[in-house]
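One structure below.
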Amino acid sequence: MSSSDSTSELNTEDNLIGKTISTQKVGSSSEEIHLTTKKLIGRGAFSVVVLAEDDSSHLRAVKITQLKDIDESSRSRMKKAIFREIDILSELRTPGLTILLGYRNLDDSMVLVFPFASGGDLFELASNKYNLLTPLIIGRITAELATVVDFLHRSNVVHRDIKLENVLVSKSPEELESLASYTASELSQYPFPLIMLTDLGLARRIDPQDPLLSTRCGSEDYAAPELLMGRQYDGRQTDIWSIGVLLYALLERRLPFDPLPPEFTGGRVSKSKVAHRIARIEWSWVRLKYSDQQDHTWDDAKRIVESCLCRRDSRLKPADILNSEFCKNSLSVPLQYAEDI
């Protein structure tokens, strides 16, 4: 480690910018990654994400989880989740799944280094650049997400926190705008991922012979009924439910279990809680409900959602999504890592 390394000083946001960070390189016991922090790009309850540049001028996203001034139980739980993520991402690699490049365990913080996603996340894209989410682009995103989840499930890993905010967009808005002009055939042959599934802190390895879990986790808006009701659940089935919520959100620009707009309820305001509507699987189409009956652009996508947001034994598997009419022609070549990974 160089004498100018200031990783140990990253204990407040004031100390984050213009610092040199050194971390162990994943897959090597001796090599280090050296980065210079540039700006704060994200903030969570206990963590921040900083844009940094490595020695090869590649941009990286550095996630720093602060463990200072929290109770011992929370500290232990957070460290366990971080080490679980390190363990899984150190072993499993596939295009479309975020790559753990380096990490460092400090007394008061944990530092993880990932590739930088220039397009932000799907929540930001859907909120600010929705015009880029054409049917072809949404089909491609859905196919990529199903491919990555299929890889995880075949590796006996469940994610348990799939949501718009945890799907990063690998392409800048300008790059996406260019890709949105591609024909279906051209886009299907584009070899690089548009997205990266990230945040495996809640991921778990499962025994395929005894896959049931009991820990309630993840975001309520994306949680399956069996999970909310405190039942044992198969994380593979709850991941599929979350994909259904995510795809619905991309199609409708709202979450499926949010209260319906008054214009769709005759002015009545729903008083039931989101959790109750999820438990009853009580949702409906809004924007697409009264679309032109001659326009069948979204029909195949709607069928995927309807076969994800249903009773658990009836839900699709990732391969079913990939083979659906909406996705089967979205990805015709194996995905490759981008050159700057």
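Rule-based calculations on the coordinates, nothing more; no lab input. Everything quoted here is computed from the prediction, not taken from an experiment. So basically every Cβ, Gly included, is an ideal-geometry build from the backbone, and we count neighbours across all protein chains shown.
Taking other C-beta atoms within 10 Å as the exposure proxy, 296, 58 rank 296, 58 from fewest upward.
When each of 80, 163, 328 is scored by the number of other beta-carbon atoms lying within 10 Å, the sequence from fewest to most is 80, 328, 163. Hey, what did the chain get for relative contact order, percent, Cα under 8 Å, at least 6 apart? Averaging sequence separation for qualifying contacts and normalising by length gives 16 percent for the chain.
Extension gain, residue 30-residue 215: 0.36 nm per intervening residue step, less the Cα-Cα distance, totals 62.9 nm.
When the alpha carbon gyration tensor of segment 122-322 is reduced to an equivalent ellipsoid, the three semi-axes, largest first, read 26, 24, 15 Å. The packing ranking of peptides 39-48, 95-104, highest mean first, is 95-104, 39-48, where packing means the average number of other beta carbon atoms within 10 angstrom of each residue. For the chain, the longest principal axis of the Cα atoms and the long axis of helix 235-252 meet at an angle of about 70 degrees. Here the contact order of segment 149-241, divided by its residue count and restricted to Cα pairs under 8 Å and six or more residues apart, works out to 39 percent.
Arranged from fewest to most other beta-carbon atoms within 10 Å of their beta carbon, 241, 298 become 298, 241. Does segment 92-237 come out rounded, prolate or oblate by the C-alpha gyration tensor, with a ≥ b ≥ c the root eigenvalues, rounded set by a/c under 1.5 and, if not, prolate when a/b is larger than b/c and oblate if not? Taking the square roots of the gyration eigenvalues as a ≥ b ≥ c, segment 92-237 is prolate.
Between the Cα long axis of helix 135-154 and the first principal axis of the chain there is an angle of about 60°, rounded to the nearest 10. Under a 5 Å amide H cut-off, with hydrogens placed 1.01 Å from N, residue 67 pairs with 109, 110 among residues at least 5 apart or on other chains. Taking the Cα centre of the chain as origin and assigning +1 to Lys and Arg Cβ atoms and -1 to Asp and Glu Cβ atoms, the resulting dipole is close to 1140 debye. Straight-distance candidates among the lysines for linking to residue 80, with alpha-carbon spacing under 19 Å and chain neighbours fewer than 8 residues away dropped: 63, 68. A straight chain from residue 17 to residue 183 at 0.36 nm per residue would run longer than the Cα-Cα distance by 55.5 nm. At q = 0.21 Å⁻¹ the log10 of I(q)/I(0) for segment 7-115 amounts to -1.21, computed by Debye summation with a single uniform scatterer per C-alpha, solvent ignored. Report, in degrees rounded to the nearest 10, the 0 to 90 angle that the Cα long axis of helix 72-91 makes with the longest principal axis of the chain. Around 80 degrees separate the two axes. Would you please give the FRET efficiency between residue 229 and residue 71, computed as 1/(1 + (r/R0)^6) with r the Cβ-Cβ distance and R0 = 51 Å, to the nearest 0.05? Taking R0 as 51 Å, the efficiency between residue 229 and residue 71 is 0.95.
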